[in-house]
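Novice: This is the structure I have questions about; it appears just below.
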Amino acid sequence: MTSNETRETSAPADSAPAAPRWAAALSGLEYKQLVGADGMATLEVAREQLHALLAALKRAGFAQCTLVSAVDHYPKAPRFALTHQLLSLEHNERIRVRCWLREGDEHAPSCADLWPGANWSERECFDMFGIRFDAHPDLRRLLLPQGYDHHPLRKEFPHAGIEPDRLYRQWDKQRRAGWNAEEGATR
Amino acid sequence: MGSLDQSGLRTKSDGGLRPVSDGPMAADASGSGFFATRADWLVNWGRKNSLWPMPLGLSCCGIELMAMIGPKFDLARFGAEAARFTPRQCDLLIVAGTLTWKMATAARTIYDQMPDPKWVIAMGVCSSSGGMYDSYAVVQGIDSIMPVDVYVPGCPPRPDAVIEREAPLAKLVGAGGPERDERGTGKLIFQPNHGIARGVLDKHPHDPKGKLGLGDPLPRKTEIK
Amino acid sequence: MSGAQGGPTLTRQVFEYTPGTRPELDHDDPLHGELLKLNMGPQHPATHGVLRLAVTLDGEQIVDVDPDVGFLHRGKEKSCESLGWHKFFPHTDRLDYVQPLMNNIGYALALEKLGGIEVPPRAKVVRVLLMELSRIMAHLIYIGTLGIDLGAVTIFFYSFRQREELYRIVDAYTGHRMNNTYVRIGGVYADVDDKVAAMIEKFLADFPAALDEIDAMLTRNRIWYDRNRGIGIISKEDAVAMSLTGPTLRGSGVNWDLRRAQPYSGYEEYDFDVPVGSVGDCYDRYLVRMTEMREAAKIAKQALDKLKSVKGDVLIEDRRYVLPPKDLVHSSMEELIFQFKVVTDMRLPRGEAYHGIESSKGELGFFVASDGTSKPLRCHIRAPGLMNIQALPMLAKGRLFSDMVSLIGSMDFVMGEVDR
C-alpha cells in the first residue's frame, strides 16, 4: 500500500533500542510505524482509528499540532495521504501521522476538538484538496473565494487555472462592458 | 466626455480617460491638448506638484513603497506626502504588489472611488503583468481591470526607480495628462532603451497581431512637454 | 472639570452615574441597539497587508471577528509542483517578504534534509548571519508598523532608517535590497567578502544605540503602555493549543525556541539568550521582540567573528544539485551536461521531510515530499502567521475596537506567508 515511500524503513517497536515513550499510550490501536526520510517517526493509521490515535498522542504529551496537510499521489491509489504533524514541547519530539484516503471518499475526522490550532489548517486542506473533515466546527474555504468551484492542489488542476472559469468570466464580462467599447477585443 | 464652458476650461473632467475630442481643447494630431487659459496651467501645476498617492500596498512591493515614503527616498519632497489611505482624497493610485482575483473587486472599487482626475502606477512586475505568478489565482496585470498610466518593472523595483518614473508622470500631469489609448490604458511613456531592436516582446500587449489598430506601443521619441 | 460656579458640570454628572438612581437607565440601556457588522479591510492601513476582518461590533465593543484571508493567495504550493525545487527559491523569498533570506534558508534546509545533503561549515555560519540580520529586519517592520498604527508615526521613520542600513548591506552583498534569493541547496551563492563584513560590523556597532533610541521613545511611554498592557492576554495552554510559536508563544511564558530545542545550521555553538514574557499580553510581546533584536545583533556579531576563523567553501560542489561555475560550463562538456541536468531535471530522493526554523514570526516549516522524479510531489509551507491570525478572534472578543489595531500589530503576521 505504501509503495511510494520506499525510503521509509519499517521499525517495529520491539526491535528498537528503546520503545518510544508514546508507544505505551497507543496500545490497543492498529497502526504501522515507519521512519521518514528526515528521521521523524511516522505512524500510518486507518481513518477509523485516526481520531483515537491523535487523542492518544495528545494524552502522551503532543500538545501542539504543527500542521495538517495532504499529499496528492494522483494517479496512484489510494490518492490522498492526509498528514498530521505533532509537536511535544516538554519532550521535544515530533511525530507524523498519515492516513490514506481514496478518491471519491475524501473525508476524515477532524482534530479541531483536540487542538484548536488545527482548525484553519483543516479548512485549508478542504479548500485545496476537497477533503472534508467530519465534525469540523466551521468547514468553509479559507484562501479562495467562497464561490470557487475547484480544489487547486489536486494534480489534475492546471497550474495556470481553468480558463474560462465561471466566476471570473462573469465578472470579467461585467467589467469589460463598462469601459471597453470593442466587442472582439482579445483581452 | 469632457465638456467645456465658453472660456475653454474643462468643467466636467473625464479623468483623462478619453482624449478630449470637441471644442477648442480638442486633441490635435500629437494627441495632447493645449492650454487655453493660464488658470488651467495653474491647476495642472498644482496637480503635478501634489500628487497624493493612494498606496495599494498588497505584498512585497508594498514594503518598498513604505521605504519610498520613509526617510531615505523621501516621497514627500515631491509633494506626495499625504499618502491618504482613503481613495476619496487621492489622485494617484499606486498598485504595489500582486493582485489576486479575490482582491480584484476590491482594487477596482478603490479605483472607482477615486475622484477624477486620477492616474495609476503599476508598481512591480506583479501588477504590471502578473509577474512570476502564472497561477490560477493571480490577475495577469492590473491593466486587465483598470487603465494604467505608468508601469514600473522590478521585483520589487527600487524606490528610486519608482520615483524616476513618477517624475515623467508628474510632468505629463502638468501638461494636461498622459497619453492614453482608446482603451484608456496609458501608452508606455518611459522607454529607457530607445536603441534596442524591436522583437516579439515589443508587440502591443492588447493587440499582438495588429488587428485592433491600437498603434505603436513603443514611441521612439517620447515627448514630455 | 468643574463649572464656573464650582459645581460639577453635566459631563461629570454623566460619568459619575451610580446605578439605581435613575431606573429608566438601568433596565434598558437605550444605547444598545443592533450589532454593527463592520468590514475592516482588505484595504486598510492597519491590517498589515490584505486581510479582511468582518467585525461584529456592539458600539465600540467587539462581539466577534471573522478573519477572511486569501487576498494574497498566489498559489505558491502549486507553483512549486510545476516549477521544480530550484526555481521555487524566488517564491520562498516572497512568502514572508520582510525577511526574505530567512525563508530561503528554511526551504533550503528542508531540501537538504530530504536529500541528505551536508552543508559546509562556513556556509552554516553565513546562513546564521543572514538569518539574524533578517530577524532584525522583520522586527523593525513590526515596531515601525505597530508604531505608525498606534499613532507613534515617528517610530516608523526611525525603524525604517535602520532598515535602510540593512538594505544597503544586503544590496552590497546580494545585489538587491529585498527578495534576494541568495541561498542555494548546499549553501549560499557567494561568500561574504571583507567590504560587506566591514559594513555589517559597522551596522552592528551602531545598532544598539539606535535600538536604545526607539526604546526610549516607546517602552516607558504612557500611551504606548496603556495601549498595549493587558490587551490580548494569551495563557500558556491556549498559546500551545492554538499552535502559536515564536514571540507570541514566548510572550506567554513558554520557553520554546527552535534554535535552542532543535538547533539547525550550527546554532548550538552560539551564545544567546531567549527572552520569555510573563503575562502574555501585547506589551510582553513587544518587549520580547525588542530583546530578540538585541540578541540577534549579538548572534550576528558572533557569526561575523566566526567567519574570520571558519574557512572553506560556501557552496557544495555536488553536481547533482548545484550549478557548476560558468567558466567550466563554457569550456567542459561534462559541466555543460551537469548544468543542463540541474536546470531541467534535478531530482531529490523519494520521501517526505519536514524542517522548521525559528523565523521572526514563529516556526516556519517546509514539508517537502518527493517521489523521485524531477517534479516535486508536494511542498507545504507551514506559516506561523496563519496560526497567529487564527488566535485573533479569541483575543479580540470583548475588547474595544481600537484594541483591534494593537492586537493585529502584536500578532505580527505578514500576509505573504499566511496566504502563500
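Novice: Do you know the relative contact order of the range A:6-149, to the nearest whole percent, from alpha carbon pairs under 8 angstrom that are 6+ apart?
Specialist: Rounded, it is 18 percent for the range A:6-149.
Novice: Same structure, new question: Please average, across the residues of A:143-149, the number of beta carbons from any other chain that are within 10 Å of each residue's own beta carbon, and give a whole number.
Specialist: 6
Novice: Also, quick follow-up: Over the Cα atoms of the range C:235-318, Rg to Rh with Kirkwood Rh, two decimal places?
Specialist: Rounded to two decimals, Rg/Rh equals 1.10.
Novice: How far apart, in nanometres, would the label points at A:A23 and C:A209 be if each is projected 7 angstrom from Cα along the Cα-to-Cβ direction?
Specialist: The answer from the label model is 6.1 nm.
Novice: For the interface of chains B and C, what total accessible area is buried with a 1.4 Å probe, rounded to the nearest 100 Å²?
Specialist: 2800
Novice: While we're here: How much FRET efficiency would the formula 1/(1 + (r/R0)^6) give for A:I162 and C:D193, where r is the Cβ-Cβ distance and R0 is 56 Å, rounded to 0.05?
Specialist: It comes out at approximately 0.70.
Novice: If you don't mind, another one. Students sometimes get this wrong: rank C:Y225, C:Y286 by accessible area, probe 1.4 Å, all chains present, largest first.
Specialist: Result of the area sort, largest leading: C:Y225, C:Y286.
Novice: While we're here: Can you compute 3J(HN,Hα) from phi for each residue in the range B:151-156, using the Karplus curve 6.51 cos²θ - 1.76 cosθ + 1.60 with θ = phi - 60°, rounded to whole Hz and x for Gly and Pro?
Specialist: Running phi through 6.51 cos²θ - 1.76 cosθ + 1.60 with θ = phi - 60° gives 9, 10, x, x, 9, x Hz.
Novice: Once the mean 1/r over all distinct Cα pairs of the range C:76-419 is inverted, what Kirkwood radius in angstroms do you read off?
Specialist: 20.8
Novice: Would you pull out the residues with amide H under 5 Å of C:Y97's amide H, same chain only if 5 or more places away, H placed 1.01 Å from N?
Specialist: C:G416, C:E417
Novice: Leaving ligands, DNA and RNA out of it, work out the accessible area of B:W45 with a 1.4 Å probe and give it in Å² to the nearest 10.
Specialist: 120
Novice: Moving on. Rounded to whole Å, give me the distance from the Cα center of the range C:228-278 to that of the range C:318-350.
Specialist: 41
Novice: Now, a different point. Provide a list, ordered by number, of residues in the range C:338-366 showing at least 30 Å² less accessible area with every protein chain present than when their chain is taken on its own, using a 1.4 Å probe.
Specialist: C:R350, C:E352, C:Y354, C:E363
Novice: Can you check what the net charge comes to around A:W115, using other residues whose Cβ is under 12 Å from the Cβ of A:W115 (Lys, Arg +1; Asp, Glu -1)?
Specialist: Once all neighbours under 12 Å are counted, the net charge is -3.
Novice: Grab the beta carbon distance between C:D327 and C:S374, set R0 = 22 Å, and tell me the FRET efficiency rounded to 0.05.
Specialist: For C:D327 and C:S374, the calculated efficiency is 0.25.
Novice: Could you sort C:H73, C:H44, C:H330 by accessible area so the largest value comes first, with the probe set to 1.4 Å?
Specialist: C:H330, C:H44, C:H73
Novice: Also, I was wondering about something else. Suppose accessible area is computed on protein heavy atoms with a 1.4 Å probe; arrange B:K102, C:K301, C:K76 from highest to lowest.
Specialist: Accessible-area ranking of B:K102, C:K301, C:K76, largest first: C:K301, B:K102, C:K76.
Novice: Within chain C, what whole-number % of the accessible surface is contributed by carbon and sulfur, with the 1.4 Å probe and all protein chains included in the calculation?
Specialist: Whole-percent figure for carbon plus sulfur exposure: 55.
Novice: Roughly how tilted is helix C:333-345, in degrees to the nearest 10 and between 0 and 90, from the longest Cα axis of chain C?
Specialist: 30
Novice: Follow-up. Output ³J(HN,Hα) for the range C:360-369: one whole-Hz value per residue in order, computed from phi by the Karplus curve 6.51 cos²θ - 1.76 cosθ + 1.60 with θ = phi - 60°, and x for Gly and Pro.
Specialist: 5, 9, x, 7, 8, x, 10, 9, 10, 10
Novice: Let me ask another. Would you please give the FRET efficiency between A:A52 and A:K155, computed as 1/(1 + (r/R0)^6) with r the Cβ-Cβ distance and R0 = 35 Å, to the nearest 0.05?
Specialist: About 0.70, to the nearest 0.05.
Novice: For a quick check of understanding: with a 1.4 angstrom probe and all protein chains in place, what accessible area in square angstrom does B:I142 have, to the nearest ten?
Specialist: 0
Novice: Build a GNM of chain C with springs between Cα atoms under 10 Å: which of C:R319, C:R122, C:R229 gets the top mean-square fluctuation?
Specialist: Judging by the Gaussian network model, the answer is C:R319.
Novice: With a 1.4 Å probe and every protein chain left in place, tell me how much accessible area B:F73 has, in Å² to the nearest 10.
Specialist: Result for B:F73: roughly 20 Å² accessible.
Novice: Do any residues of the range C:239-260 lose at least 20 Å² of accessible area when the full set of protein chains is present rather than just their chain alone, and if so which, with a 1.4 Å probe?
Specialist: At a threshold of 20 Å² (probe 1.4 Å), the residues of the range C:239-260 that become less exposed are C:V240, C:A241, C:M242, C:S243, C:W256.
Novice: Continuing with this model, one more query. Between the range A:15-72 and the range C:370-400, what's the alpha-carbon centroid distance in Å?
Specialist: Between the Cα centres of the range A:15-72 and the range C:370-400 lies a distance of 21 Å.
Novice: Also: Return a whole-number percent for the relative contact order of chain C, with Cα pairs under 8 Å and 6 or more residues apart as the contact set.
Specialist: In percent, rounded to a whole number, it is 24.
Novice: Checking the cross-link filter: which lysines have an alpha carbon closer than 20 Å to that of C:K236, excluding same-chain neighbours under 8 positions apart?
Specialist: Those lysines meeting the cut-off are A:K58, C:K361, C:K397.
Novice: Follow-up. Step through the table entries C:K78/C:K113; A:K76/C:K76; B:K102/C:K326; C:K195/C:K298; A:K155/B:K102, compare each Cα-Cα distance with 32 Å, and write down the pairs that go over it.
Specialist: B:K102/C:K326
Novice: Then there is this: Roughly speaking, what is the stretch gain from C:V274 to C:E317, that is 0.36 nm per residue apart minus the C-alpha to C-alpha distance, in nm to one decimal?
Specialist: 11.9 nm
Novice: Apply the Kirkwood formula to the range A:6-149: the hydrodynamic radius equals the inverse of the mean of 1/r over all pairs of different alpha-carbon atoms; give it in Å with one decimal.
Specialist: Result for the range A:6-149, one decimal place: 15.8 Å.
Novice: Another one. Starting from the amide H of C:G246, placed 1.01 Å from N in the peptide plane, find each other amide H under 5 Å away whose residue is 5 or more places distant or on another chain.
Specialist: When sequence neighbours closer than 5 places are left aside, the close amide H contacts are C:E363.
Novice: If you plug each phi of the range C:84-93 into the Karplus form 6.51 cos²θ - 1.76 cosθ + 1.60 with θ = phi - 60°, what whole-Hz ³J(HN,Hα) values come out, in order, with x for Gly and Pro?
Specialist: Once rounded to whole Hz, the list reads x, 5, 5, 6, 7, 4, x, 5, 5, 3.
Novice: Here is a further query. Can you give the average number of partner chain beta-carbon atoms within 10 Å of each beta-carbon in peptide B:60-68, as a whole number?
Specialist: Per residue, the number of nearby Cβ atoms from other chains is 6 on average.
Novice: A further question on this structure: No partner Cβ under 4.7 angstrom, meaning no disulfide-compatible partner by this rule: which Cys of chain C qualify?
Specialist: Singleton cysteines: C:C282.
Novice: Please compute how much accessible surface disappears when C pairs with A, both sides summed, using a 1.4 Å probe, and round it to the nearest 100 Å².
Specialist: Approximately 3900 Å², summed over both chains.
The values are calculated or read from the model by the stated rules, or taken from the named source; none is laboratory data. Because the structure is a prediction, the values reported are computed rather than measured. Every residue, glycine among them, receives a Cβ derived from its backbone with ideal geometry; neighbour counts consider all protein chains shown. To get the accessible areas, we keep the full protein, side chains included, count just its heavy atoms, and leave off ligands, DNA and RNA. Shrake-Rupley method; radii C 1.70, N 1.55, O 1.52, S 1.80 Å.
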